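I have placed the structure first, in the form of structure tokens, so that the comments after it can refer back to it.
The values are calculated or read from the model by the stated rules, or taken from the named source; none is laboratory data. This is a predicted model, so every value here is computed, not measured. For neighbour counting, all protein chains shown are included, and Cβ atoms are generated from backbone atoms with ideal geometry for every residue, glycine included.
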Amino acid sequence: MEKKYKNCQSCGMPMKKDPQGGGTNADGSKNSMYCSYCYANGAFTSPEITTAGQMQAFVKAKLIEMKIPKFLAGLFIKGIPRLERWKK
């Protein structure tokens, strides 16, 4: 059985906040590692984002857009480089 992650291993969003309950694999099955915003049909939805730094900038902008205070957005994105997708 695949490991269940509490947070998306690409953007760090809590999986319970994902309206789709996770991304989807190429065969249509649920992916429990990535959220539906990051991963669909077996591929990353934003292939232009290739580094943890780019993901941090993208997520921070999204959080600020959602009226999350900048300092909180900064805290939320701190852990992104430690997520599975970005570990080298």
For this session: Filter segment 1-59 down to residues that are touching a Pro at 6+ places or on another chain (Cβ under 7 Å) and either at positive phi or of a type outside the set (S, T, N, Q) (or both), then give me how many there are.
Result: 2
Exercise. So, in segment 36-55, of the ones that are surrounded by 17 or more Cβ atoms within 10 Å (Cβ to Cβ) and assigned to a loop (DSSP other than H, G, I, E, B), which residue ends up farthest from the chain's Cα centre (by Cα)?
Worked result: Ile49
Problem set entry | Number of the condition not met by Lys3 [criteria: (1) assigned to a helix (DSSP H, G or I); (2) modelled with pLDDT under 95] | (1)
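Limited to segment 25-62, what total is found for residues that are among the aliphatic types (A, V, I, L, M) and out of contact with any Gly (no Cβ under 9 Å at 6 or more places or on another chain)?
Final tally of qualifying residues: 5.
Please verify whether segment 56-79 includes one or more residues that are in contact with a Ser or Thr (Cβ under 8 Å, 6 or more places away or on another chain) and assigned to a loop (DSSP other than H, G, I, E, B).
Here is the first cut: in segment 56-79, the ones in contact with a Ser or Thr (Cβ under 8 Å, 6 or more places away or on another chain) are 58.
Still in the running and assigned to a loop (DSSP other than H, G, I, E, B): none.
Looking for residues that are in contact with a Ser or Thr (Cβ under 8 Å, 6 or more places away or on another chain) and assigned to a loop (DSSP other than H, G, I, E, B), one finds none in segment 56-79, hence no.
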Problem set entry | Qualifying positions in segment 6-33 - among the hydroxyl-bearing types (Ser, Thr, Tyr) and within 18 Å of Lys78 (Cα to Cα) | Ser10
Problem set entry | Extreme residue, surrounded by the most Cβ atoms within 10 Å (Cβ to Cβ), among residues of segment 21-35 that are over 19 Å from Ile49 (Cβ atoms) and free of Cβ contacts under 8 Å to residues at least 24 places away in the same chain | Asn25
Exercise. So which pairs qualify, if the first residue must be in segment 63-76 and without any contact (Cβ under 8 Å) to a residue 40 or more places away in the chain, the second must be of a type in the set (Val, Ile, Thr), the Cβ gap must be under 7 Å, and the two must be at least 6 apart or on different chains?
Worked result: Lys70/Ile64; Ala73/Ile64
